[in-house]
Amino acid sequence: MCQTPTTMETRRVIIAGAGPGGLLLQALLHHRNKTSSSTSRIIYETTLIESRADLGILNQEELQAHRSWMIGLANHGLEAVRSVPDLFEKYIDGIGVDVNEFNIFLGSKKITGSQPSLEKSKKSESFIVDRNFIVAALARYANEKLKHNEHYHAKYDTEMLYVDHTNHRVLVRNKQTSEEEYISYDLLVGADGVRSTVREALVKRHFDFELSVGDIFQCFKAVHIKCPEAVCPTALSVMPNCLPNFNGIVLPETGGIVNMSLGVPRNHFDSNISDDIKSDDANVVCEYFKKNFKCFKLTEEGYMDLATQWVNQRWNRTGMVHCNRYSSLECKIILMGDAAHATSPSIGMGMNTALRDAQKLYELLDKFEDDLDQVLPEFSRIRVPEGNALSDLAMHLYCFDTKIGAKTMVKGLIRGGLNKLFPRLVDPDCQAYLGQTGYSLTDVYQKATEQGILSTHRATNDRIRQEFFEHQTGMIVDKPKSSVWKYFTFAISVAVAACGIAMKKKSSV
């Protein structure tokens, strides 16, 4: 008896944003087209929309001009990437650096640490890669594997102008030709960053959609310099208070280079850092680093290279996003990555969480056999706690008050030492669990709460941010201290003393 052929349904998926999460999801959906069971009758047709150019067409030499900032792939992100066969091994491995050491620079003193052993986690992996390099690798995979696939479409240099969520279509414009067109969808994935156009549809459609967009309360710059002698080329190095009111981090790159980022809280930027570090003159900045940067020495050429890069870039302030839902059945929309949970790069988990979003969506499609009525609400249920834990951990694992931050760091080092001696009695510092297999970000949030870190830092950080906002917006104006008031209070003190003496004499009569 002949079996009746299964009728295949084409599902049109628009992915807004060709960042790591959006590109991985594209690869996963086409992988699903090839591997889904015979009971599945869905073929995914993807259209990628990205306002910038396709980095996947650049060769390695051309890509060097597009270096951006280094980000870490921990176990979470690596597992997500490896869910697509050959993607890591043939396209990503080799464009980054495996980290095998962790250093803290306290002034010129370097303390070397190691990753503690965690009961539920396999061996820790940390792969540092330039953000644009991994985007280029993921785009190259699509260009090579999918370019002849009738169900794959890529529209680079194309802006998404508007989401018509009622009719399930988007309006886009080609930046080179200015041609506009509507594209219909069955599922729209908003992986389009902090200022997401897709997310606006949820704001318009759902009155219970809660959204907050701000910044990380830091001003920072990042430079790429030749690896100094004192820095291990395969180490992640942090530099608390490396300059007055600045904290820094050094991440390894390929080619004997390191990416050094230095940041200062916004409340210190205007009045509590030297004008020299804000100068547009490379010579002034160069001399400032020579005098004040104590963590390690650079060559004369190295100092000038750092200073030249420093003055040729603006101060950066990245965004933060909190949402109470990441999906809408009515709009047929899912949010992921920075559109859902943009955060500070301080704990290095932003890209890992975006990649994990893509992996979890893929797993839900498999679990519910492509039934979007079940997939979309379940995606929100499991990913919203992770996204908000990510944002809060990135903001509050560190403290804007340098004294409190130093105390927390010392406590963490002590806790780490005790954990090595008594692993069954003392847990390691909560940061040791970040990105590790078997530990979600909500697990880390729980441990950070139990260790008293979040409550202490949150109270201080919120107070500092509120005071800054009050003064910046003119809600509170500092009044100059009046010398008249000083004399007035002195006169009152004298009068009170005189009254006391008079009353004492009267009582003695």
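Would it be correct to say that Phe289 is within 24 Å of Asn103 (Cβ to Cβ), aromatic (Phe, Trp, Tyr) and either exposed (fewer than 14 other Cβ atoms within 10 Å of the Cβ) or in the same structural domain as Asn247 (by TED's automatic domain parsing) (or both)? Even if it seems obvious, please write down each step before you answer.
Details: within 24 Å of Asn103 (Cβ to Cβ): yes; aromatic (Phe, Trp, Tyr): yes; either exposed (fewer than 14 other Cβ atoms within 10 Å of the Cβ) or in the same structural domain as Asn247 (by TED's automatic domain parsing) (or both): yes.
Criteria met by Phe289.
May I ask you to verify whether Gly256 is at positive phi and of a type in the set (Gly, Ala, Ser)? Spell out the reasoning first.
Values: at positive phi: yes; of a type in the set (Gly, Ala, Ser): yes.
Here the answer is yes, as Gly256 does meet what is asked.
Among (1) under 27 Å from Asn388 (Cβ atoms); (2) in contact with a strand residue (DSSP E or B) (Cβ under 8 Å, 6 or more places away or on another chain); (3) not hydrophobic (A, V, I, L, M, F, W, C), where does Asp371 come up short?
Only one criterion in (1) under 27 Å from Asn388 (Cβ atoms); (2) in contact with a strand residue (DSSP E or B) (Cβ under 8 Å, 6 or more places away or on another chain); (3) not hydrophobic (A, V, I, L, M, F, W, C) is unmet by Asp371, namely (2).
Restricting to segment 214-224, count the residues that are aliphatic (A, V, I, L, M) and buried (at least 20 other Cβ atoms within 10 Å of the Cβ).
Taking segment 214-224 as the starting set, the residues that turn out to be aliphatic (A, V, I, L, M) are 216, 222-223.
Cutting the leftovers down to buried (at least 20 other Cβ atoms within 10 Å of the Cβ) gives us 216, 222.
Counting residues in segment 214-224 that are aliphatic (A, V, I, L, M) and buried (at least 20 other Cβ atoms within 10 Å of the Cβ) gives 2.
Exactly one of these conditions fails for Val13: (1) in a strand (DSSP E or B); (2) under 25 Å from the mean Cα position of the chain (by Cα); (3) over 21 Å from Ser261 (Cβ atoms); (4) of a type in the set (A, V, I, L, M, F, W, C). Give me its number.
(2)
Looking only at segment 418-431, decide whether some residue is surrounded by 19 or more Cβ atoms within 10 Å (Cβ to Cβ) and either of a type in the set (Gly, Ala, Ser) or free of Cβ contacts under 8 Å to residues at least 12 places away in the same chain (or both).
No.
Would you check if Thr308 is at pLDDT below 95 and β-branched (Val, Ile, Thr)? Don't jump to the end; show me each part of the working.
On the way: at pLDDT below 95: no; β-branched (Val, Ile, Thr): yes.
Answer is no for this residue.
Given the options Tyr362, Tyr326, name the one that is of a type outside the set (A, V, I, L, M, F, W, C), more than 22 Å from Val170 (Cα to Cα) and assigned by TED's automatic domain parsing to the domain that holds Thr166. Explain how you work it out, then say what you get.
Details: Tyr326 fails: more than 22 Å from Val170 (Cα to Cα).
Unique residue meeting the criteria: Tyr362.
Quick one: Glu61 ticks every box in (1) part of a loop (DSSP other than H, G, I, E, B); (2) over 26 Å from the mean Cα position of the chain (by Cα) except a single one, so which number is it?
Of everything listed in (1) part of a loop (DSSP other than H, G, I, E, B); (2) over 26 Å from the mean Cα position of the chain (by Cα), Glu61 misses just condition (1).
Find all pairs meeting these conditions: Cβ atoms under 6 angstrom apart; at least six residues apart or on different chains; first residue within segment 105-122 and at pLDDT 90 or above; second residue in a strand (DSSP E or B).
Cβ pairs passing all conditions: Phe105/Met239; Lys110/Asn103.
Write out, first by first residue and then by second, each pair whose Cβ atoms fall under 7 Å of each other, whose residues are 6+ apart or on separate chains, and whose first residue, in segment 221-244, is of a type in the set (Gly, Ala, Ser) while the second is surrounded by fewer than 18 Cβ atoms within 10 Å (Cβ to Cβ) and part of a strand (DSSP E or B).
Ala230/Lys110; Ala235/Glu101; Ala235/Phe102
Quick one: how many residues across segment 64-85 are in a loop (DSSP other than H, G, I, E, B) and not hydroxyl-bearing (Ser, Thr, Tyr)? Before you say what the answer is, go through the steps one by one.
Going residue by residue through segment 64-85, those that are in a loop (DSSP other than H, G, I, E, B) are 67-69, 74, 82-85.
If we keep only those that are not hydroxyl-bearing (Ser, Thr, Tyr) as well, we get 67, 69, 74, 82, 84-85.
Residues that pass the stated criteria total 6.
Give all pairs with beta carbons closer than 8 Å in which a residue from segment 198-216 that is assigned to a loop (DSSP other than H, G, I, E, B) meets a residue that is loosely packed, with under 15 Cβ neighbours inside 10 Å and polar (S, T, N, Q); count only pairs at least 6 apart in sequence or on separate chains.
Every condition considered, the pairs that remain are Asp208/Asn324; Phe209/Asn324; Glu210/Asn324.
Any idea how many residues of segment 21-39 are over 28 Å from Gly387 (Cβ atoms) and outside any helix (DSSP H, G or I)?
Counting residues in segment 21-39 that are over 28 Å from Gly387 (Cβ atoms) and outside any helix (DSSP H, G or I) gives 3.
Which residues, taken from segment 141-158, are surrounded by 20 or more Cβ atoms within 10 Å (Cβ to Cβ) and not small (Gly, Ala, Ser)? I'd like the intermediate steps shown before the answer.
Going residue by residue through segment 141-158, those that are surrounded by 20 or more Cβ atoms within 10 Å (Cβ to Cβ) are 141-142, 152, 154, 158.
Within segment 141-158, Tyr141, Tyr152, Thr158 meet the criteria.
Tell me, please, whether a residue that is outside any helix (DSSP H, G or I), touching a helix residue (DSSP H, G or I) at 6+ places or on another chain (Cβ under 7 Å) and more than 23 Å from Asp186 (Cβ to Cβ) can be found in segment 40-55.
yes
Could you name every one of the helices (runs of 4 or more DSSP H) located completely within segment 308-415 that has at least 1 residues being buried (at least 19 other Cβ atoms within 10 Å of the Cβ) and among the β-branched types (Val, Ile, Thr)? Explain how you work it out, then say what you get.
Details: elements: 338-341, 350-367, 372-396.
Correct list: 350-367, 372-396.
Could you tell me whether any residue of segment 293-302 is in a helix (DSSP H, G or I), under 28 Å from the mean Cα position of the chain (by Cα) and more than 30 Å from His30 (Cβ to Cβ)?
Looking only at segment 293-302, we keep the residues that are in a helix (DSSP H, G or I), and these are 300-302.
Cutting the leftovers down to under 28 Å from the mean Cα position of the chain (by Cα) gives us none.
Looking through segment 293-302, none of the residues is in a helix (DSSP H, G or I), under 28 Å from the mean Cα position of the chain (by Cα) and more than 30 Å from His30 (Cβ to Cβ).
Being without any contact (Cβ under 8 Å) to a residue 40 or more places away in the chain, buried (at least 16 other Cβ atoms within 10 Å of the Cβ) and in a helix (DSSP H, G or I) is the filter here; which residues of segment 254-277 pass it?
Once the filter is applied, which keeps residues that are without any contact (Cβ under 8 Å) to a residue 40 or more places away in the chain, buried (at least 16 other Cβ atoms within 10 Å of the Cβ) and in a helix (DSSP H, G or I), segment 254-277 yields His268, Ile277.
Residues in segment 407-422: is at least one at pLDDT 95 or above and β-branched (Val, Ile, Thr)? Steps first, answer last, please.
Step one: filter segment 407-422 for residues at pLDDT 95 or above, giving none.
Within segment 407-422, not a single residue is at pLDDT 95 or above and β-branched (Val, Ile, Thr).
Examine segment 125-142 for a residue that is at pLDDT below 95, farther than 22 Å from Gly248 by Cβ, of a type in the set (D, E, K, R) and not in a strand (DSSP E or B), and state whether such a residue exists.
There is at least one residue in segment 125-142 that is at pLDDT below 95, farther than 22 Å from Gly248 by Cβ, of a type in the set (D, E, K, R) and not in a strand (DSSP E or B).
Yes/no per residue for (1) out of contact with any strand residue (DSSP E or B) (no Cβ under 8 Å at 6 or more places or on another chain); (2) at pLDDT 95 or above:
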position: Met336; (1), (2): no, yes
position: Ala339; (1), (2): no, yes
position: Ile347; (1), (2): yes, no
position: Lys360; (1), (2): yes, yes
position: Val375; (1), (2): yes, yes
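Could you tell me which of the residues Lys155, Lys145 is assigned by TED's automatic domain parsing to the domain that holds His30, in contact (Cβ under 8 Å) with a residue 60 or more places away in the chain, more than 29 Å from Ser380 (Cβ to Cβ) and among the basic types (Lys, Arg)? Even if it seems obvious, please write down each step before you answer.
On the way: Lys155 fails: more than 29 Å from Ser380 (Cβ to Cβ).
Answer to the selection: Lys145.
The values are calculated or read from the model by the stated rules, or taken from the named source; none is laboratory data. Given the structure is predicted, the values throughout are model-derived calculations rather than measurements. Note that we place each Cβ from the backbone using ideal geometry, even for glycine, and neighbour counts take in every protein chain shown.
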